[in-house]
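These notes concern the structure reproduced below.
The values are calculated or read from the model by the stated rules, or taken from the named source; none is laboratory data. Note that this is a predicted model, so its numbers are computed, not measured. Glycine gets a Cβ as well: all are built from the backbone with ideal geometry, and neighbour counts include every protein chain shown. When the accessible area is computed, the model is the full protein with side chains, heavy atoms only, and any ligands, DNA or RNA have been set aside. Shrake-Rupley method; radii C 1.70, N 1.55, O 1.52, S 1.80 Å.
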Amino acid sequence: MIPDRFERLAAARLYLVCGELTGDRLDAALLGGVQLVQLRMKGAAPAQILQVARRFAKLCARREVPLILNDHPELVEAAGADGVHLGQDDQPLAQARGSLGSERIIGLSTHDADQIDAAHRAGADYIGVGPVHTTPTKPGRPAVGTDLVAAAAKRAQVPFFAIGGVDADNVGAVLAAGARRVAVVRAVADAEDPERAARELRAALETTVGVGAA
């Protein structure tokens, strides 16, 4: 039987990637329609990540939303998280799978068509595709534009989330390129009203008709 977290992953369209947020702001984003959350605290000490992750896990569980940790598979179980997200320069996916097993979600960032194909062979449960636009959260990483989103819509064999500078103003172009799921950072995490920002993005996403793994 597939664990509920995988069913929720399959149904998710709006993915929030964020650093530490207050409980009120995170809960507002969840109420607005965020369906998957990744805690990303680059450079933070493991003890600090674990403390924040445990707080996030309780809030996410209350809303039945999976929590993913960025980069730290060794903290997933202790945090009560549902999985981990890896970058191309992080530990190999097979190594993370070996420590987490098959019941936890493992996501992988991809930046070109070859990486999209390789992610499936490696056993990723989902992929991030981007950055679509230049973004300060990925310094030095060139934007791939919507061409790679279109390629992912044809090639991806697991759910993919278009990521990188996606917001309410440009999400339409991302969807037109073939995406059915997006991951956002500043568009919700830095919004004056996270609930409203999430609700607007979910409304845009729900107007599209899903096809294939996209």
Open item on the list: Being without any contact (Cβ under 8 Å) to a residue 24 or more places away in the chain and open to solvent by less than 30 Å² (accessible area, probe 1.4 Å) is the filter here; which residues of the range 63-100 pass it?
Closed with: Val84, Leu86, Gly87, Ala96
Open item on the list: Given the options Val185, Val166, name the one that is open to solvent by less than 10 Å² (accessible area, probe 1.4 Å), closer than 18 Å to Val37 by Cβ, under 15 Å from the mean Cα position of the chain (by Cα) and at pLDDT 95 or above.
Closed with: Val166
Task: Count of residues meeting criterion [open to solvent by 30 Å² or more (accessible area, probe 1.4 Å), touching a residue at least 40 places away in the same chain (Cβ under 8 Å) and over 19 Å from Gly165 (Cα atoms)] in the range 5-38 - done: 6
- [ ] For the range 149-169, indicate whether the set of residues that are free of Cβ contacts under 8 Å to residues at least 12 places away in the same chain and acidic (Asp, Glu) is non-empty.
- [x] yes
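Being assigned to a helix (DSSP H, G or I), touching a helix residue (DSSP H, G or I) at 6+ places or on another chain (Cβ under 7 Å), open to solvent by less than 80 Å² (accessible area, probe 1.4 Å) and not small (Gly, Ala, Ser) is the filter here; which residues of the range 39-54 pass it?
If the condition is that a residue be assigned to a helix (DSSP H, G or I), touching a helix residue (DSSP H, G or I) at 6+ places or on another chain (Cβ under 7 Å), open to solvent by less than 80 Å² (accessible area, probe 1.4 Å) and not small (Gly, Ala, Ser), then Pro46, Ile49, Leu50 are the ones that fit.
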Task: Qualifying positions in the range 102-137 - open to solvent by 30 Å² or more (accessible area, probe 1.4 Å) and farther than 27 Å from Asp147 by Cβ - done: Ser102, Glu103, Arg104
TODO: Would you be able to tell me the number of residues in the range 141-160 that are out of contact with any Gly (no Cβ under 7 Å at 6 or more places or on another chain) and more than 23 Å from Leu9 (Cβ to Cβ)?
DONE: 5
